[in-house]
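Notes to accompany the following structure.
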Amino acid sequence: MPDRGGGPTGPRIRVGRPSRRARTLLLTLGVLAVLGMAFTMFAGFWTDWLWYRSVNYSSVFTTTLWTKVGLFFVFGLLMALAVGFNIWLAHRLRPPLAAMSVEQQSLDRYRMGIAPYKKWLLLGITALVGLIAGASASGQWRTWLMWVNGVSFGTKDPQFHLDVAFYAFDLPWYRFLLGFGFAATIISLIAAALTHYLYGGLRVTSPGARATAAATGHLSVLLGVFVALKAVAYWLDRYGLAVKSSDFKATDSWTGLRYVDANAYLPAKTILFCIAVICALLFFATLWRRTWQLPVIGFGLMVLSAILIGGLYPAIVQKFQVQPNEQAKEAPYVAKNLKATREAYGIDDAQVTEYSGKPAQTDKTKLRASADATASVRIMDPNIISPTFQQLQQIRNYYAFPTNLDVDRYGKDGKDQDTVIGLREINLAGIPKKNWINNHFRYTHGYGVVAAQGTSVDSEGRPVFTESDLPSKGELGKYQQRIYYGERTTTYSIVGGPQKEIDYSDDSGEKTTSYTGDSGVNLSNPVNRAAYAVAFGEPQILYSGAIGEGSRILYNRTPKERVEAVAPWLTIDGDAYPAVVGGKIQWIVDAYTTTNGYPYASRTTLGDTTADSLTAANNSRAVVAQQNQVNYIRNSVKATVDAYTGQVKLYQWDTKDPVLKTWMKAFPDTVEPRSAISKDLMDHLRYPQDLFKVQRELLTRYHVKDATTFLSGSEVWQVPDDPTNKSGDAVPPYYLSMKMPDQKQQAFSLTTTFTPNGRDNLSAFMAVDAEAGTSDYGKIRVLKLPTSTTVDGPKQVQSQFNSEQDIAESIRLLRGGDSEVEYGNLLTVPLDGGLLYVEPVYVRGGGLKYPLLRKVLVTYNGSTAFEDTLEAALDKVFGTQTSTPPPPGDDGGDTGGGGGTTPPPSGNPTVQQALQDAQKAFTAGQEALKKGDWGAYGQAQKDLQAALKRAEDAQAAAQKDANKPTPGASPSPTPKPSSS
């Protein structure tokens, strides 16, 4: 060790030790960094495994994992071997060192530089390309599983007569293999060429031969493999024409062969296949001929043929054969597209019937009775009244309802009634004090269902609740009311440990509880706690004293998240809805199987097709993530998520769907049979909205079955914009209990309207039977209106409402002060050949923060009414309202929806006083209405009803006294009722 400073007896300064410490410190830091990265990766893997095990779907995790791992290693190894072998072979075939040219002298230092490391360099390059290829291949796990488990569709395409399964399951895997082969060949070719150049097998600037015979043979074989793969690509392209998308005048999402494809591209692909095979053989022949002449000629011929035969010839056929007589040439192929598209989207059995749009009879009494029998008109709009639920039933700030409530059916007195339903979910934004304990330990769950009749309101325009208060009580019976899993529950909670949870509060104070379900992952294990602390980036999970024996962490808590996780091969509907089933709150989730490989069926983009005015305002309800194109869809699975335990169950709904059968083979025992669906659950299943929206979009063009009409575009429809707002987005479909003309009784249905392309009048009305468990479930009925007459569409009806002078004046009065008018769902009901439109009108203002139903708009056959109640509006439209004398001094104006009837004038002083009170209450109500004071208006209506009831009771009592027999007198005959 060298000394610095001093003599032999002076102090010695040792300089080696600090550098050793520094190296040790750096090494330690490096090891810790590697361990940290390793544990971070382990934490992600471990927490995923624990979550899948907690929901009893560990087989999904293991199947997916091992498939990805298998593909990673197989294709990574194949790529590494292919590239590594060609580098090794190029090095092995290097020429002996000869006279050094200037070019070789410049490369010599590179050869000498890598010579000591060439083995490690070879391993590094092969490992790198292998890792990249393996990672890319692991992403194809769905393609692999569908190919290896694919089942037959039982349907053949009309061109090649192959089962649809070939296009849906086989062709995607063959294309992946082809793409992998191209990648391996090109990378190997580049690597081999660089190696040959580095070691003298290829020359660029040196005089003499540009390549050695060995390099020529090696590279020629690789080029031959590339051209052979191109031949395979040409052959597969022939079948790809059946699922090829292209722009066409009738539709921008056309799929399948057209005339030019069948008569130009198809033979061109066959010819190019043959040329490519010959060209590949010429490249392989260089192993013996050692010349590039023939392969280069062959390759040039292939390129020229691709331009002339594959490009120019089809353009000539399109220009000179198709365009002069397009309809005749394209009609046979359009017919194939029509048939395949209707089958792929489940609209082939859609029943299209002619509908006059004009009433068939003039008897107003019968029409009025038919209106009640045809539909149970839902005047409670679930997309409007969520603030009303919030204001009247929130109870505590840490509860909240979804922006859009749901519509379901619940039985009462043996009859189903449309019900608007919502869950009182946890709302962390409303907790009194935010901190980690409160956010994740104390405020963990919502509480109770709130439901209201869909077809009625009380005297003040508020919902008539059938289940309300906290804890909830009403017509739904007893059920587990705690909601740990819901649409608004997006953060994790830690439950079941030493920390108590807020349950709910009542007059006696705050109640606490502790979770007793078996959901979530146990945090008693320190390894689990450490893994979740890393995975969630929350170190307090590791050391917090609030976590102890029995603590469980709940996450992935929205119904959509849970179903997507346990069934990653399904596409999830945008609107999960709750139902009380078997004493539990169950979220019901519709799920779809899809493919984009159905031959001849036109494609659609789910995210665009399912968008409407509701999804634009509330993205959580849209399938916005699904921007992939599909051309086959089935509602093959109904899923449930328990709101308390989070248990996920998948039920096979479409027992014939081959795509679902394929996935059930890949993931056995994950989907329960349809027979496992209980009667109670079946009563709440319904036709899903997103599927309906996809089908209605397709039916705007594919309702016609004649190819000539389809090509002309004269029968193209469109989904109208929502007339109740100015968003410019499509009108959403509406659930409604109604009956179509061929039905004998009402059925829970999903409905929509169509207008002609570019116009506002009505062209068709569509409804699907949405009531699961019935023989007609899923039956699509379309009422097509004649093109020779004009029937008002939704936008025109809304304009008519707004333009009528009396209605406009009433709306202006409703908007008095700071009040806002909100239009509810504009419902359309086919009635006796005509169309009945009903629209509830809500008012929010006068100090109220929530909307109340104040008026109902109704129109039928040109007659319009704007009344306080649906019954009054229908009576007025059909001219059948009962004539009752108004309160004294009233000119027949509205009484604000009071339920009493006005008794006739009487000399009875009690009756007279009651009528005077009624008159005062009516006048006060009208004054309050003009001022927009809804609180005073509501009180006036109560006073009016009470006064009218007193008058009626007093009149009845007087009549009863008059009819009593005088003591000792003989009984007199019962007097006839007065005509007054």
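Bear in mind that the values in this text are calculations on the coordinates, not laboratory data. In this text, all values refer to a predicted model and were calculated from it rather than measured experimentally. Counting neighbours? That spans all protein chains shown, and the Cβs are built from the backbone with ideal geometry, glycine included.
Can you give me the span-like helices of the chain, meaning DSSP H runs with 30 Å or more of Cα extent along the axis and Kyte-Doolittle mean at or above 0.0? Let's see the in-between values first.
Details: long enough: 16-54 (56 Å, 0.43); 58-92 (49 Å, 1.23); 171-198 (40 Å, 1.35); 213-240 (40 Å, 1.00); 266-289 (35 Å, 1.88); 909-931 (33 Å, -0.70); 934-962 (42 Å, -0.87).
Helices meeting the criterion: 16-54, 58-92, 171-198, 213-240, 266-289.
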Lys/Arg Cβ at +1, Asp/Glu Cβ at -1, dipole of the chain taken about the Cα centre: which of VAL34, LEU189, THR828 is farthest positive-ward? LEU189
Relative intensity, log₁₀ I(q)/I(0), of segment 663-745 from a Debye sum that treats every alpha carbon as a point, q = 0.13, 0.20, 0.25 Å⁻¹: -0.79, -1.08, -1.22
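How high is the FRET efficiency between LYS358 and ALA808 when r is their beta carbon distance and R₀ equals 22 Å, given to the nearest 0.05? Provide the component values of the computation, followed by the final result.
Details: r = 27 Å, r/R0 = 1.22.
Using R0 = 22 Å, I get an efficiency of 0.25.
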For segment 223-344, build the charge dipole from Cβ charges (+1 Lys, Arg; -1 Asp, Glu) around the Cα centre, then report which of GLY240, VAL277, ALA262 sits farthest towards its positive end. VAL277
Shape of the chain, Cα gyration tensor, a/c cut at 1.5: oblate
Debye sum, Cα scatterers, segment 491-556, no solvent: what log₁₀ I/I(0) at q = 0.14, 0.23, 0.29 1/Å? -0.43, -0.95, -1.32
In debye, nearest 20, what is the charge dipole magnitude of segment 294-428 about its Cα centre with +1 on Lys and Arg Cβ and -1 on Asp and Glu Cβ, if you could check? 200 debye
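Between beta-carbons, use under 11 Å as the cut-off and find the net charge around VAL407, counting Lys and Arg +1, Asp and Glu -1.
On the way: positive: ARG378, ARG409, ARG686; negative: ASP381, ASP406, ASP408, ASP418, ASP575.
That works out to -2.
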Just to confirm the filter: which trypsin sites (Lys or Arg not before Pro) across segment 172-248 are DSSP coil and have at most 14 other Cβ within 10 angstrom of their Cβ? ARG210
Report the residues of segment 306-337 in range of a label on ILE271: point 7 Å along Cα→C-beta, backbone N strictly under 18 Å from it. 306-322
Dipole of the chain, positive end: most advanced residue of PHE922, ILE316, LEU470 [Cβ charges, Cα centre]: ILE316
Within segment 223-344: Cβ-based charge dipole about Cα centre, in debye rounded to nearest 20 (Lys, Arg +1; Asp, Glu -1): 240 debye
Summed over the other residues with a beta carbon less than 10 angstrom from that of ASP349, with K and R at +1 and D and E at -1, the charge totals 0
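By the gyration tensor of its Cα atoms, with a ≥ b ≥ c the square roots of the eigenvalues, what is the shape of segment 331-426: rounded for a/c under 1.5, prolate for a/b over b/c, or oblate? Before the final figure, lay out the partial values.
Numbers: a/c = 3.09, a/b = 1.43, b/c = 2.16.
Cα axes put segment 331-426 in the oblate bin.
Once the cut-off is 17 Å, how many percent of the Cα-Cα pairs in segment 268-362 end up in the long-distance tail?
72 percent
Where the convex hull is taken over the Cα atoms of segment 538-590, what is its projected area averaged over directions, in nm²?
Reported value for the Cα convex hull: 6.0 nm².
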For segment 536-604, which GluC sites (Glu not before Pro) are in a loop by DSSP, counting at most 10 other Cβ atoms within 10 Å? GLU549
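Please state the charge dipole magnitude for the chain, taken about the Cα centre, from unit charges on C-beta atoms (+1 on K and R, -1 on D and E), reported in debye and rounded to the nearest 20.
Working: 98 positive and 89 negative charges, 1140 e Å.
My answer is approximately 5480 debye.
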Principal axis dimensions, largest first and in whole angstrom, of segment 639-706 by Cα: 49, 28, 20
